[in-house]
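Only one structure is covered here, and it is reproduced in the block below.
The values are calculated or read from the model by the stated rules, or taken from the named source; none is laboratory data. These numbers come from a predicted model, not from an experiment. A quick note on method: Cβ atoms are made from the backbone with ideal geometry, for glycine too, and the neighbour counts reach across all protein chains shown. Quick note on the areas: whole protein, heavy atoms, side chains included, nothing else; ligands and nucleic acids left out. Shrake-Rupley method; radii C 1.70, N 1.55, O 1.52, S 1.80 Å.
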Amino acid sequence: MQGTMGLADMDSNAAVPREAYIKLPSGVIYADLRVGGGETVVAEGSKVNLQWVLRKSNGYFVDSSAVQSDVPFIFTVGDGNAISGVDEAIRGMKAGGTRRILIPPSLAYVKGLDDGCPGPLPAGFGPRQQMRRVQGVRKDVPGEYVFLEVQTTRVR
């Protein structure tokens, strides 16, 4: 089992029911795979540590924090250091929670995929090229999403 799904104590073959997904006005769609047990709820100004798995809309694995030595993506909600779809979709989570997020390309890597751009960023040439293709060639394809599974490991 690969990614945060393994961290969520989920059956690897279990599907998330369609009615579990919530669509935000921006077009971001998310579903909780596991509700966190922490006391602090992610809100504007929260500092968050995320473990993450990035996939293309067809489910093809691109990159993850596990591949990058389990280094979490750390940012403050609302500060512009996370891609806007992630910044919006993690609000309301608690530490230990795992969420699947489908982000339209228009809310993903619009500022680019170079170091210093909003993350979580895939590392290496190959994974970044895959996301550049989604952002460039496939951005107007109906149903195209950047697929992230995130787990909040710390919220303060």
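At a Förster distance of 22 Å, what's the computed FRET efficiency of residue 60 paired with residue 110, Cβ-Cβ distance as r, to 0.05?
0.55
Quick one: dipole size for the chain, taken about the Cα centre, charges +1 on Lys/Arg Cβ and -1 on Asp/Glu Cβ, in debye to the nearest 20.
Dipole magnitude for the chain comes out near 240 debye.
Just one of (1) 22; (2) 49; (3) 42 is percent of Cα pairs over 25 Å apart calculated from these coordinates, so which is it?
Recomputing percent of Cα pairs over 25 Å apart here picks out (1).
Please give the per residue accessible area of the stretch 96-145, computed with a probe of 1.4 Å over protein heavy atoms only, in Å².
Numbers: 2390 Å² over 50 residues.
Using a 1.4 Å probe on heavy atoms only, each residue of the stretch 96-145 averages 48 Å².
Which of rounded, prolate, oblate describes the stretch 52-143, given a ≥ b ≥ c as roots of the alpha-carbon gyration tensor eigenvalues and a/c under 1.5 marking rounded, otherwise prolate only if a/b is larger than b/c?
It comes out rounded by the Cα gyration axes.
By how many nm would the segment from residue 23 to residue 35 grow when fully extended, if each residue of separation counts as 0.36 nm and the alpha-carbon distance is taken off?
Here the segment from residue 23 to residue 35 would lengthen by 2.6 nm.
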